[in-house]
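Only one structure is covered here, and it is reproduced in the block below.
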Amino acid sequence: MANEFDLIIVGAGPAGMSAAYTAAKNKAKVLLLDEQPYAGGQIFRNIESQVNGESIYGDEYETGKALINRLGTQGISLEFRASVWRIDEARNVLWSRDEVSHISTARHVLLTGGAQERPMLFPGWTLPGVMPVGAAQILMKSSGLLPRDAVLVGSGPLLYWVAVQLIRAGAPPKALVDTQTPAMYLKALKHLPQALPAMVTLLKGVRYLQEIRAAKIKRFSRSSDFAVTETDHNELCLSFKSKGFAQQITAPIILTHHGIIPATNLARSAGVKHEWNEQQQCIQPVVDGWGQTNISGLHIAGDSAGIGGAEVAQASGQLAALNILCLSSYISKLERDTASRKAFTKRRRAMSIRAFLDVAYTPLAELQLPSNETIVCRCEEVTAGEIRRSVEQGADGPRQVKTTVRAGMGPCQGRLCDPTVRTILASCQVPTSLPNARSPVKPVKLGELAALSNSTFHNHD
Amino acid sequence: MSTASRFKARPSTNHFISLTIDGQSVLAKPGDSVAAAMLAYSGDAMRHTVKGSPRAAYCMMGVCFDCLVEVDGYPNTQACMVQVKEGMVIRRQQGLRKLKKEPTGGE
């Protein structure tokens with residue numbers, strides 16, 4: 001059963017879903033894998049079972065519903081709770097579910113694994129009750145759980161959107177502690193004219209900020225020097241400076257946000273070339289306009305190819321699928337180019353706001369260069385001080401830091417500490433090479449590996 | 001010591017799933033992940049690290065591995081990636097998982 005599919009897509013968010021539909025509509029056989037129990041990705045998570053979805057998902061609710069409904073198109077096979085842990089040169093996709101691994105093969109593989117939050121580090125960020133805002137959003141979407149008197153810390157569109165969601169849901173945050181400075185807005189202003197095609201999105205942002213103001217949420221701006229400690233009553237005390245003055249707030253839960261970054265572990269482990277995106281301060285794969293990587297047959301679309309948001313992801317997924325259809329001779333080059341015009345325009349329009357957003361909400365240097373006592377690697381409990389000491393002792397790159405202090409050697413495989421290790425190394429004038437990622441990119445038990453018999457494996461070439 | 005949940009109580013329904021967390025009976029909602037059920041129940045740590053530091057679910061999307069708990073005898077299970085089932089037995093993990101607890105034995 002080699003190449004039983006034309007295309008395997010990893011990730012059922014906006015990019016993966018639109019790619020699957022586009023490919024299947026043109027008669028390609030598609031396998032769509034996702035780690036979650038249902039389609040939607042993080043943005044449309046659990047959208048199907050919501051009663052009044054619009055209040056939770058906003059204007060994108062209908063889009064999300066439509067994308068999910070189209071997964072019923074003939075030719076799409078769906079596998080949920082499927083963790084992909086390896087993609088090899090022969091485009092064998094190895095995935096695990098309930099401790100059993102499977103191999104699926106196709107001529108083309110499209111990675112649409114989305115993004116993760118950029119970790120926001122300060123002393124105490126590992127305490128129970130400190131979470132990224134995205135986590136709170138997931139709990140709201142999939143379990144109807146609303147944080148009690150949350151304090152929101154950081155900056156960026158998602159932080160404000162979650163504040164609005166909480167206000168609308170009747171669980172207004174106790175305070176919004178903003179790292180934004182007027183200087184950042186000023187700097188971003190020059191990118192505003194080019195963002196005009198995305199006017200709708202801009203106005204949406206303005207409306208959110210107004211809604212937060214109208215709800216009279218206590219707000220601190222120009223905040224820095226964060227630290228969280230546990231109180232005697234197991235609440236959390238956030239201390240910080242706002243406009244230079246020391247402040248303290250106590251709350252049961254503290255939600256942080258510091259932007260999002262592409263999920264790159266699977267692509268890096270498959271040998272895809274990556275580069276540093278200075279504007280977005282993150283590592284991203286090198287892809288062409290269709291999402292093709294340096295590896296033949298391996299494509300990437302959506303936020304995992306570079307942060308752009310759901311609209312961009314949807315267009316990119318469609319473009320990648322059209323290109324793959326053309327490469328697989330399902331459609332001609334002319335058909336590909338004609339069919340892709342709209343998606344290219346849509347993507348350009350949605351992307352036009354990025355420069356403005358990226359500059360207005362640049363991650364604070366201080367948060368990427370934490371104090372010595374701050375834990376950087378959560379898994380192995382390695383502090384920034386230990387990493388700096390390893391550099392003093394001669395570690396000359398991420399690999400040596402890893403082998404010296406074990407940062408990045410835990411089960412998350414560096415997903416949460418790689419970005420910070422990089423900025424620390426850069427600040428110590430050490431070359432910041434790309435951190436290694438190796439399969440299995442998700443933990444797999446030895447027994448599970450052994451059960452993948454050699455015969456099964458070699459039948460697929 | 002038990003800390004109140006950091007989340008608001010959800011409206012009660014007739015549909016629920018009963019499970020235990022460290023022997024305590026807990027009601028969860030269908031569709032909850034184990035992590036969501038634990039967070040709804042209590043604000044306490046979900047595990048302690050090797051160095052004894054308290055941790056709870058952080059990213060809720062399978063990235064961080066900070067929500068590792070024992071589910072029905074299986075240690076190191078990502079609580080955010082598993083949905084609750086009737087009668088599920090959940091235990092918080094203290095330090096590293098214990099090899100001898102491996103239910104499938106000689107893997």
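Could you check segment A:312-377 for helices (runs of 4 or more DSSP H) lying wholly inside it with 3 or more residues that are surrounded by fewer than 19 Cβ atoms within 10 Å (Cβ to Cβ), without any contact (Cβ under 8 Å) to a residue 12 or more places away in the chain and more than 22 Å from the chain's Cα centre (by Cα)?
Once the helices (runs of 4 or more DSSP H) in segment A:312-377 are filtered for at least 3 residues that are surrounded by fewer than 19 Cβ atoms within 10 Å (Cβ to Cβ), without any contact (Cβ under 8 Å) to a residue 12 or more places away in the chain and more than 22 Å from the chain's Cα centre (by Cα), what remains is A:333-351.
Between A:146, A:121, A:139, which is free of Cβ contacts under 8 Å to residues at least 12 places away in the same chain and within 23 Å of residue A:234 (Cα to Cα)?
A:139
Where in segment A:381-429 are there helices (runs of 4 or more DSSP H), lying fully within it, with 2 or more residues that are more than 14 Å from chain B (Cβ to nearest Cβ) and open to solvent by less than 10 Å² (accessible area, probe 1.4 Å)?
Of the helices (runs of 4 or more DSSP H) lying wholly inside segment A:381-429, those with at least 2 residues that are more than 14 Å from chain B (Cβ to nearest Cβ) and open to solvent by less than 10 Å² (accessible area, probe 1.4 Å) span A:384-392, A:418-427.
Name every residue in segment A:114-171 that is basic (Lys, Arg) and under 18 Å from residue B:61 (Cβ atoms), in order of residue number.
Once the filter is applied, which keeps residues that are basic (Lys, Arg) and under 18 Å from residue B:61 (Cβ atoms), segment A:114-171 yields A:118, A:141.
Looking at segment A:436-457, is at least one residue in a helix (DSSP H, G or I), modelled with pLDDT under 95 and farther than 30 Å from residue A:90 by Cα?
no
Kindly list the number of the only condition in (1) facing another protein chain (nearest Cβ under 10 Å); (2) open to solvent by less than 30 Å² (accessible area, probe 1.4 Å); (3) touching a Lys or Arg at 6+ places or on another chain (Cβ under 9 Å); (4) small (Gly, Ala, Ser) that fails for residue B:73.
Going through (1) facing another protein chain (nearest Cβ under 10 Å); (2) open to solvent by less than 30 Å² (accessible area, probe 1.4 Å); (3) touching a Lys or Arg at 6+ places or on another chain (Cβ under 9 Å); (4) small (Gly, Ala, Ser) one by one, residue B:73 breaks only (1).
Would it be correct to say that residue B:32 is touching a residue at least 40 places away in the same chain (Cβ under 8 Å), charged (D, E, K, R) and within 10 Å of another protein chain (Cβ to nearest Cβ)?
yes
Just name the residue that is surrounded by the fewest Cβ atoms within 10 Å (Cβ to Cβ) out of those in segment B:36-70 that are β-branched (Val, Ile, Thr) and more than 7 Å from chain A (Cβ to nearest Cβ).
Per the stated criteria, the residue is B:50.
Considering every residue within segment A:105-118, establish whether at least one is free of Cβ contacts under 8 Å to residues at least 40 places away in the same chain, within 14 Å of chain B (Cβ to nearest Cβ) and either surrounded by fewer than 19 Cβ atoms within 10 Å (Cβ to Cβ) or touching a His at 6+ places or on another chain (Cβ under 9 Å) (or both).
no
The values are calculated or read from the model by the stated rules, or taken from the named source; none is laboratory data. Predicted model, so just to flag it, every value in this text is computed and none were measured. Note that each Cβ is placed from the backbone with ideal geometry, even for glycine, and that neighbours are counted across all protein chains shown. Surface accessibility is based on the protein's heavy atoms, side chains included, excluding ligands, DNA and RNA. Shrake-Rupley method; radii C 1.70, N 1.55, O 1.52, S 1.80 Å.
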